[in-house]
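First the structure, in the form of structure tokens, and then the observations on it.
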Amino acid sequence: MKGAQFLLGFAFLALASVLAYASDPSPLQDICVATDDLKNGVFVNGKFCKDPKKAKAKDFFYKGLNKPGNTANPVGSNVTTVNVEQIPGLNTLGISAVRIDYAPYGQNPPHIHPRATEILTVLEGTLYVGFVTSNQLNNTLIAKVLKKGDVFVFPVGLIHFQFNIGKNKCSRHCCSKQPEPWCDYHSKLGLRSQTTHQS
Ligand SMILES: *[C@@H]1O[C@H](CO)[C@@H](O)[C@H](O)[C@H]1NC(C)=O
Ligand SMILES: *[C@@H]1O[C@H](CO)[C@@H](O)[C@H](O)[C@H]1NC(C)=O
């Protein structure tokens, strides 16, 4: 009897130690300094939820990604975002989408998404894209020219860019009708429902 109790106790302790080694999920924000002062505390990331019984189709819906953004700005590109601000039903689901339009020789300058892997599909035109690996892999540039229908992945946390090289005849033809034909669609997997995140 005593032996069984000891075994049970041992099994429980062993289980407890396994649980102690479990890690937290990856954070949804860069920093979150703990405070005991509830009055001046702020919420973590995301938004408060509405009663799930009151959810409607419109909570999961967005209209207008067929419309090109205006690329008349210094970088020559425009990002149309579809995240929790546009679709409240995306809250906490860890995914969002964007459409990017590029003027001829426009670019989406090098940037990172600390918590998102990105997968991009070219709908029109010719795009030079790439990312740079971390120190572990000698900061190597991995880049490629993409054409209509091509798909490319930018791994989480790595600096990446897109540049509209559009130098062939078709591309120039498309340029004359810009910005419409210079669109590409660009969906981000793993991007949490951050309210402050910009592409
Ligand atoms: C992107 O396009 C939209 C729609 O035309 C426009 O309202 C917005 O100002 C543009 N943003 C930039 C940064 O040019
Ligand atoms: C990185 O560079 C070092 C020094 O040149 C080399 O020994 C190593 O094999 C390189 N690593 C990769 C992943 O290319």
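The table for this structure:
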item	result
SER134 within 16 Å of ligand 2 (Cβ to nearest atom) and small (Gly, Ala, Ser)	yes
Failed criterion for GLN136 (all others in (1) at pLDDT 90 or above; (2) loosely packed, with under 15 Cβ neighbours inside 10 Å; (3) over 23 Å from PRO114 (Cα atoms) hold)	(3)
Residues satisfying the stated conditions in the stretch 72-124, i.e. within 17 Å of VAL153 (Cβ to Cβ) and among the β-branched types (Val, Ile, Thr)	ILE95, VAL98, ILE100, ILE112, THR117, ILE119, THR121, VAL122
Positions within the stretch 90-121 being farther than 22 Å from SER26 by Cβ and either away from ligand 1 (no atom under 14 Å from the Cβ) or of a type in the set (Lys, Arg) (or both), in sequence order	ARG99, PRO104, TYR105, PRO110, LEU120, THR121
The stretch 34-58 residues that are more than 26 Å from PRO88 (Cβ to Cβ), paired with ones that are at pLDDT below 75 (beta carbon under 6 Å, 6 or more apart)	THR35/GLY41
Any hit, the stretch 147-169, residues being modelled with pLDDT of 50 or more and within 16 Å of ligand 2 (Cβ to nearest atom)	yes
Some residue of the stretch 97-110 being loosely packed, with under 14 Cβ neighbours inside 10 Å and of a type outside the set (Phe, Trp, Tyr)	yes
Which numbered condition LEU127 misses (of (1) farther than 18 Å from GLY157 by Cβ; (2) at pLDDT below 90; (3) more than 16 Å from ligand 1 (Cβ to nearest atom))	(2)
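Every residue, every condition in (1) on the phi < 0 side of the Ramachandran plot; (2) away from ligand 1 (no atom under 13 Å from the Cβ); (3) surrounded by 13 or more Cβ atoms within 10 Å (Cβ to Cβ), yes or no:
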{"position": "CYS49", "(1), (2), (3)": "yes, yes, no"}
{"position": "PRO52", "(1), (2), (3)": "yes, yes, no"}
{"position": "ALA55", "(1), (2), (3)": "yes, yes, yes"}
{"position": "LYS58", "(1), (2), (3)": "yes, yes, no"}
{"position": "TYR62", "(1), (2), (3)": "yes, yes, yes"}
{"position": "GLY69", "(1), (2), (3)": "yes, no, yes"}
{"position": "ALA72", "(1), (2), (3)": "yes, no, no"}
{"position": "THR81", "(1), (2), (3)": "yes, no, yes"}
{"position": "ILE87", "(1), (2), (3)": "yes, yes, yes"}
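The values are calculated or read from the model by the stated rules, or taken from the named source; none is laboratory data. Since we're looking at a predicted model, the values are computed, not measured. Using ideal geometry, Cβ is built from the backbone for each residue, glycine included, and neighbour counts are taken over all protein chains shown.
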